[in-house]
Amino acid sequence: MDISKIERDLISIIKLKSIQAKVFLLIVIEGKMGAEKIGNKLGITPNEALSVAKQLVELGSLIEISKNEFEAMHPRFTAVNMYRRMCEKEKIEFKRNVTVDNIGIALEKPYEDARTKYNKS
């Protein structure tokens, strides 16, 4: 899995900002976390991490577990959901996009690994 390619696709096709793509991928791959941990892992302030996470909630890619903790929804659903919202915003026809489908497929295993006790290190 080439995370940098997925990040580029999230930015170019779904029109996420770079920091939004990084936060989304971090939570998908590592599991739920709070703004402070997101900030520490990405080298941004907790306030910036909180702001970006809340933007991703609005985009339909994260859910807010508590006031300061966020979790990703299943990536197959989320990739298509974010793409649909981008199409609505840009006023372009929503139709199947193989690259968007592949983002969800590529992230499915790391998403599930981060959420099962058998694959935790």
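The values are calculated or read from the model by the stated rules, or taken from the named source; none is laboratory data. In this text the structure is predicted, and so the values were computed from the model without any measurement. With ideal geometry, Cβ positions are generated from the backbone for all residues, glycine too; neighbour counts draw on all protein chains shown. For accessibility, only protein heavy atoms count, side chains too; no ligands or nucleic acids. Shrake-Rupley method; radii C 1.70, N 1.55, O 1.52, S 1.80 Å.
Summary table below
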quantity: Residue that is touching a residue at least 24 places away in the same chain (Cβ under 8 Å), assigned to a helix (DSSP H, G or I), open to solvent by 40 Å² or more (accessible area, probe 1.4 Å) and among the β-branched types (Val, Ile, Thr), where the choices are Ile65, Ile29; calculated: Ile29
quantity: Residue count, the range 1-24 (criterion: surrounded by fewer than 20 Cβ atoms within 10 Å (Cβ to Cβ) and in contact with an Asp or Glu (Cβ under 6 Å, 6 or more places away or on another chain)); calculated: 0
quantity: Which listed residue, of Met82, Met86, Met73, is surrounded by 13 or more Cβ atoms within 10 Å (Cβ to Cβ), without any contact (Cβ under 8 Å) to a residue 60 or more places away in the chain and under 15 Å from the mean Cα position of the chain (by Cα); calculated: Met73
quantity: Extreme residue, nearest to Lys95 (Cα to Cα), among residues of the range 61-75 that are of a type outside the set (A, V, I, L, M) and out of contact with any Phe, Trp or Tyr (no Cβ under 9 Å at 6 or more places or on another chain); calculated: Glu71
quantity: Scope the range 32-45; condition of a type outside the set (S, T, N, Q), open to solvent by 60 Å² or more (accessible area, probe 1.4 Å) and without any contact (Cβ under 8 Å) to a residue 24 or more places away in the chain; matching residues; calculated: Lys37, Lys41, Gly43
quantity: Residue list for the range 91-112, filter: assigned to a helix (DSSP H, G or I), open to solvent by less than 90 Å² (accessible area, probe 1.4 Å) and not hydroxyl-bearing (Ser, Thr, Tyr); calculated: Val98, Val100, Asp101, Asn102, Ile103, Gly104, Ile105, Ala106, Leu107, Glu108, Pro110, Glu112
quantity: Test for Lys54: is it free of Cβ contacts under 8 Å to residues at least 12 places away in the same chain, over 11 Å from the mean Cα position of the chain (by Cα) and surrounded by fewer than 16 Cβ atoms within 10 Å (Cβ to Cβ); calculated: yes
quantity: Ile92 being out of contact with any strand residue (DSSP E or B) (no Cβ under 7 Å at 6 or more places or on another chain) and either aromatic (Phe, Trp, Tyr) or in contact (Cβ under 8 Å) with a residue 24 or more places away in the chain (or both); calculated: no
quantity: Tabulated pairs, the range 1-22, first closer than 20 Å to Asn40 by Cβ, second polar (S, T, N, Q) and open to solvent by less than 80 Å² (accessible area, probe 1.4 Å), C-beta under 7 angstrom, 6+ apart or interchain; calculated: Gln20/Gln55
